[in-house]
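Student: If you scroll down you'll find the structure; I have some questions about it.
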Amino acid sequence: MGIEKRIDIKNFPKQHSVKESLMGGIGRKVEVCFYYNSANTIHGVIIRDDKELPFRTIIRLCDGRIILATECQYRALPDVDEKVVKQFTFNE
């Protein structure tokens, strides 16, 4: 548990969109690996990509797990999941 100054019941960090970020943005599909093992990857989609503090990027993997971008390595794919964009875009 904790406290982030910019996150409360009415406030949330502004998010990158796929139009403004080549490496991310909410809805960007990604290919993820762990421990730099690019021979073993799993697909995911970015569900949070802060453009201000606390600068978190969160990825939902295709098997349902949720990970931080700091826990893996990922490569942005050209595809966008529009359903995720609608579901996870707030205050825009």
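Student: In segment 26-42, which residues are exposed (fewer than 15 other Cβ atoms within 10 Å of the Cβ) and touching a residue at least 24 places away in the same chain (Cβ under 8 Å)?
Tutor: 31, 34, 36, 38 - these are the residues of segment 26-42 that are exposed (fewer than 15 other Cβ atoms within 10 Å of the Cβ) and touching a residue at least 24 places away in the same chain (Cβ under 8 Å).
Student: To continue, here is another question. Name the residue that is nearest to residue 83 (Cα to Cα), counting only residues in segment 12-46 that are among the hydrophobic types (A, V, I, L, M, F, W, C) and in a loop (DSSP other than H, G, I, E, B).
Tutor: 26
Student: Turning to a different aspect of this structure: Take segment 67-92 and flag every residue that is among the hydroxyl-bearing types (Ser, Thr, Tyr) and touching a residue at least 40 places away in the same chain (Cβ under 8 Å).
Tutor: 74, 89
Student: Of all residues in segment 1-25, which are β-branched (Val, Ile, Thr) and crowded, with 18+ Cβ neighbours inside 10 Å?
Tutor: Answer for segment 1-25, where residues must be β-branched (Val, Ile, Thr) and crowded, with 18+ Cβ neighbours inside 10 Å: just 18.
Student: Inside segment 47-92, can you point out the residues that are among the acidic types (Asp, Glu), surrounded by 15 or more Cβ atoms within 10 Å (Cβ to Cβ) and not in a strand (DSSP E or B)?
Tutor: Across segment 47-92, the qualifying residue is only 81.
Student: So, in segment 1-25, exactly how many residues are touching a residue at least 40 places away in the same chain (Cβ under 8 Å) and of a type in the set (Lys, Arg)?
Tutor: So the answer is 3.
Taken together, the values in this text are just the output of simple stated rules run on the coordinates, not laboratory data. Bear in mind the structure is a predicted one, so any value in this text is a computation, not a measurement. Using ideal geometry, Cβ is built from the backbone for each residue, glycine included, and neighbour counts are taken over all protein chains shown.
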